[in-house]
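These notes concern the structure reproduced below.
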Amino acid sequence: MRIPPSRAGAALCGLLLPLPLLAGCGNTGGLAAAGPTPTASGPVHLWPERVGAAVPPADPGGAPPEYVKGLPRVVDQDVRAVDPVALVQAELRARPGTVTGADGMPAETAAAIRACGTPGQEPGRCPVRRPYYRDLTGNGKDEVVVGIEFPDRMMSVRVYTADPDGRLNRIMATTQTVIAVELAGRDVILRAPSGNPGYELITAWSWDEKQKTMLPTREQIVRVAAAPSPRPSATAGAGAGTGSGTGSGTGSGGAP
């Protein structure tokens, strides 16, 4: 039996269906070859005979709580009821004169924090910035993120949570020369100069359930995009082109 040409073409196309990238069967807009795919290769372990450095195991008990002393207990773990200035002032009272470490700060900054809210302090001179709230531990309750301005663009970034007993526990404290601080999901993102011109260091701090604290879990050095060159204003260009020759900008469209 003779097969009509139209049905023969359809049958041939059906035979080529397992190879859609090699033939389109006259179907305009269908799949087409995208070129050869590079062969995937896994990482190659260099110098496998070398004995590498060891990573000490994490403390099975987790990090000890950094409870803030001198503040009333928080009701229902509601950190929004806590005055961030009073929170930082309580830490200053607990560790006066500390200049290094997580609690360290310059003497002038400590003096300014003690003066926060007093009649003699100028408005806007308190180094404690307004707080932000986000559930960073995944317990369904907000934590409070506090920023303290230091000289030379440095900032102390601290995070506090409230336990079921109402005690405030500091779960993050770091001081860096900060470009910006961001919240992304349950991470605190710090952007800082990397030390290489044109690049910045981005560090993500995340809650570690086993250690019961926030740790720097990811770091990335990224290139900073160059700022766009300023364009000449249309007003200035119009004034130059349509002036009457006096150069005074009094022509049509010129700057007043």
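Please treat every number below as a calculation from the coordinates, not as lab data. Remember, predicted model here, so these are calculated numbers, not experimental data. Ideal geometry is used to build each Cβ from the backbone, glycine not excepted, and the neighbour counts take in all protein chains shown.
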Suppose a student asked you for the relative contact order of the range 75-223, using Cα pairs under 8 Å spaced at least 6 residues apart; what percent would you report? 15
Integer Hz, Karplus 6.51/-1.76/1.60 couplings in order for the range 210-219, x for Gly and Pro: 6, 7, 6, 7, 9, 10, x, 9, 9, 10
How big is the charge dipole of the range 75-223 about its Cα centre, in debye rounded to the nearest 20, if each Lys and Arg gets +1 on its Cβ and each Asp and Glu gets -1 on its Cβ? 160
Using the Karplus equation 6.51 cos²θ - 1.76 cosθ + 1.60 (θ = phi - 60°), what ³J(HN,Hα) coupling, rounded to whole Hz, does each residue of the range 54-70 give in order, writing x for Gly and Pro? 9, 9, x, x, 5, 5, x, x, x, 6, x, x, 9, 6, 8, 9, x
Packing-based exposure ordering (other Cβ within 10 Å, fewest first) of Tyr132, Tyr199: Tyr199, Tyr132
Give me Glu200, Glu91, Glu122, Glu219 sorted ascending by neighbouring Cβ count inside 10 Å, so fewest comes first. Glu122, Glu219, Glu200, Glu91
Residue separation times 0.36 nm, minus the C-alpha to C-alpha distance between Thr100 and Ile189: what's the value? 29.8 nm
Put in order of increasing Cβ neighbours within 10 Å, starting from the fewest, Trp205, Trp47 give Trp47, Trp205
